[in-house]
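Asks: Can you read through this structure? Questions will come right after.
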């Protein structure tokens, strides 16, 4: 039931992507910074960093519009991704962040906030000129899902996930209570169902055996919880181990 609800929410989020596209735009945040404006995407990315301090990468599992189209792609290509190459996205993210900072400094700083920047009454794709960006992102997302595996865009390209990964690192550093997964490893029968069904292709079974479910790629979707017949894994709002 929980997974049906989750998948329904991210599918609706994808259907609303023509409305919300600019609030996740990697380009408009640069354009806004060059004009001294905190665009909608600047505000959203900041909010996601802050949310990760207490909710980890929950957004990726429950509300991300591109998560919706990627998980829909599982029906055609349910292949695990190679987590060894997750560093590739930082080749994109680091210079992108550098460019944002450079543009903001050149503009004399960020002087105002405009959440609906470059939208029409808050709607992103309001005319044909916005369609190329929309279809480029959608096609890239689907192609990566087929080419490299489940949620390939999340692993190798996503410019949003590093904000939440950074938030998680701060959380772990200061050890404050947050949403996590915990496991009773003694109850595990080593069926590896959790690993098989993980949408992020994580070796959940190995983490359970270690007694600590902690990975920067975990999106707290709860798939491992709902597929474990032994009730080994559960949500917890705690400081962790």
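Asks: Across the range 161-181, what is the total count of residues that are within 21 Å of the chain's Cα centre (by Cα) and farther than 19 Å from residue 59 by Cα? Give the steps one after another, and end with the answer.
Replies: Initially, the range 161-181 is screened for residues within 21 Å of the chain's Cα centre (by Cα), giving 161-173, 177-181.
Cutting the leftovers down to farther than 19 Å from residue 59 by Cα gives us 173.
Residues flagged as within 21 Å of the chain's Cα centre (by Cα) and farther than 19 Å from residue 59 by Cα within the range 161-181 amount to 1.
Asks: Just to confirm my filter: which helices (runs of 4 or more DSSP H) fall fully inside the range 1-116 and include at least 3 residues that are out of contact with any strand residue (DSSP E or B) (no Cβ under 8 Å at 6 or more places or on another chain), farther than 20 Å from residue 168 by Cβ and free of Cβ contacts under 8 Å to residues at least 40 places away in the same chain? Before the answer, list the steps.
Replies: Numbers: elements: 2-15, 17-20, 28-34, 40-55, 58-62, 65-73, 88-106.
Here the list reads 2-15, 88-106.
Asks: Limited to the range 134-168, what total is found for residues that are farther than 27 Å from residue 123 by Cβ, touching a residue at least 24 places away in the same chain (Cβ under 8 Å) and in a helix (DSSP H, G or I)?
Replies: Final tally of qualifying residues: 9.
Asks: Against the condition modelled with pLDDT of 95 or more and closer than 30 Å to residue 83 by Cα, how does residue 143 come out, does it pass? Break it down into steps so the answer makes sense when it comes.
Replies: On the way: modelled with pLDDT of 95 or more: no; closer than 30 Å to residue 83 by Cα: yes.
Against the criterion (modelled with pLDDT of 95 or more and closer than 30 Å to residue 83 by Cα), residue 143 does not qualify.
Asks: If a residue has to be closer than 26 Å to residue 200 by Cα and buried (at least 22 other Cβ atoms within 10 Å of the Cβ) to count, how many in the range 25-41 make the cut? Break it down stepwise before answering.
Replies: At the first step, the residues of the range 25-41 found to be closer than 26 Å to residue 200 by Cα are 25-26, 41.
Narrowing the set further to residues that are buried (at least 22 other Cβ atoms within 10 Å of the Cβ) leaves 25, 41.
The qualifying residues number 2.
Asks: Given the conditions (1) crowded, with 18+ Cβ neighbours inside 10 Å; (2) under 18 Å from residue 28 (Cβ atoms); (3) within 17 Å of the chain's Cα centre (by Cα), and given that residue 92 satisfies all but one, which numbered condition is not satisfied?
Replies: For residue 92, the exception is condition (1).
Asks: I've got another one for you. Of the conditions (1) surrounded by fewer than 21 Cβ atoms within 10 Å (Cβ to Cβ); (2) under 20 Å from the mean Cα position of the chain (by Cα), residue 230 satisfies every one except a single condition; which number is it?
Replies: (2)
Asks: Output yes when any residue across the range 92-103 is in the same structural domain as residue 11 (by TED's automatic domain parsing) and under 30 Å from residue 3 (Cβ atoms), and no when none is.
Replies: The initial filter retains those residues of the range 92-103 that are in the same structural domain as residue 11 (by TED's automatic domain parsing), namely 92-103.
From what's left, under 30 Å from residue 3 (Cβ atoms): 93.
Yes, because at least one residue in the range 92-103 is in the same structural domain as residue 11 (by TED's automatic domain parsing) and under 30 Å from residue 3 (Cβ atoms).
Asks: Are any residues in the range 170-194 without any contact (Cβ under 8 Å) to a residue 24 or more places away in the chain and either in a helix (DSSP H, G or I) or touching a strand residue (DSSP E or B) at 6+ places or on another chain (Cβ under 6 Å) (or both), and if so, which ones?
Replies: Across the range 170-194, the qualifying residues are 173, 174, 186.
Asks: On to the next question. Please pick out the residue among 219, 225, 213 that is part of a loop (DSSP other than H, G, I, E, B), closer than 22 Å to residue 6 by Cβ and in contact with a strand residue (DSSP E or B) (Cβ under 9 Å, 6 or more places away or on another chain).
Replies: Working: 219 fails: in contact with a strand residue (DSSP E or B) (Cβ under 9 Å, 6 or more places away or on another chain); 225 fails: part of a loop (DSSP other than H, G, I, E, B).
Result: 213 is the single residue among 219, 225, 213 that is part of a loop (DSSP other than H, G, I, E, B), closer than 22 Å to residue 6 by Cβ and in contact with a strand residue (DSSP E or B) (Cβ under 9 Å, 6 or more places away or on another chain).
The values are calculated or read from the model by the stated rules, or taken from the named source; none is laboratory data. Everything quoted here is computed from the prediction, not taken from an experiment. Quick reminder, even Gly has a Cβ in these numbers, built from the backbone with ideal geometry, and neighbours come from all protein chains shown.
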